[in-house]
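Have a look at the structure below before the remarks.
None of the figures in this text is laboratory data; all of them are computed from the coordinates on show. Nothing here was measured: the structure is a model prediction, and the numbers come from that model. Quick reminder, even Gly has a Cβ in these numbers, built from the backbone with ideal geometry, and neighbours come from all protein chains shown.
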Amino acid sequence: MTVKPIPEGFHTVTPYLVVDGVPGLIDFLEEAFGAKEDMRLQAPDGSIYHAIVEIGNSKVMLGDSNEDFPPMPTSLYLYFEDVDGVYQQAIQAGAISIQEPADQFYGDRTAFVQGPNGNIWGIATQIEEISPEEMARRIQE
């Protein structure tokens, strides 16, 4: 039997978040972004050794921090059909607003929130397809 080099359902790049409190982060991701938990492996000490959630068509790996892997806040950018609705959903789930939804020169309507583990979540909907040349022109304005 041939083994696929990239597991089914994964892409070439898969984010891996190391945080304090994976169970709470999973709860937040489910409530804020409609994530679905794929798996969870608990370590003998009760921490989460490894977990996977799916947000839309993308998977995110999670692990509780430890002395070898300290928490590493990061930023991820998520596309949804309704940035305004997802932004409100994230705020209701306990996120802190960094930027309310607004149309951007690069063709996205974006918002930014900070989740309970310090990660920054960009939430976006593409509202206009823009060429690199047009983006360059707009950024100069």
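Rank W121, S131, A51 by how far each Cα sits towards the positive end of the charge dipole of segment 16-140 (+1 on Lys, Arg Cβ; -1 on Asp, Glu Cβ) and give me just the farthest. In segment 16-140, that residue is S131. Take the Cβ atoms of E128 and I98, set R0 to 25 Å, and the FRET efficiency comes out at 0.65. Helix 22-33 and the longest principal axis of the C-alpha atoms of the chain enclose an angle of approximately 30°.
Between the Cα long axis of helix 83-92 and the first principal axis of the chain there is an angle of about 40°, rounded to the nearest 10. In a fully extended conformation the segment linking Q88 and Y106 would gain 4.2 nm over its present Cα-Cα distance, using 0.36 nm per residue. Estimated from helices alone, the mean residue ellipticity of the chain at 222 nm is -6500 deg cm²/dmol (sum of -39500 (n - 2.57) over DSSP H runs with n ≥ 4, per residue). With both residues required to sit in the chain, DSSP beta bridges show an antiparallel share near 70%. Between V13 and Q42, the contour length at 0.36 nm per residue exceeds the alpha carbon distance by 8.0 nm. Ranked by the mean number of other Cβ atoms within 10 Å of their residues, highest first, the peptides 93-101, 128-136 come out as 93-101, 128-136. Applying both filters, DSSP loop and at most 15 other Cβ atoms within 10 Å, to the chymotrypsin sites (Phe, Trp or Tyr not before Pro) of segment 103-141 gives F105, Y106. Contact order, relative form, for segment 8-121: 26 percent (alpha carbon pairs under 8 Å, 6 or more residues apart, mean separation divided by residue count). Simple point charges give the picture: +1 on the Cβ of Lys and Arg, -1 on the Cβ of Asp and Glu, and for the chain a dipole about the Cα centre of about 260 debye. The alpha carbons of segment 16-140 stretch over 55, 28, 25 Å along the principal axes, in descending order.
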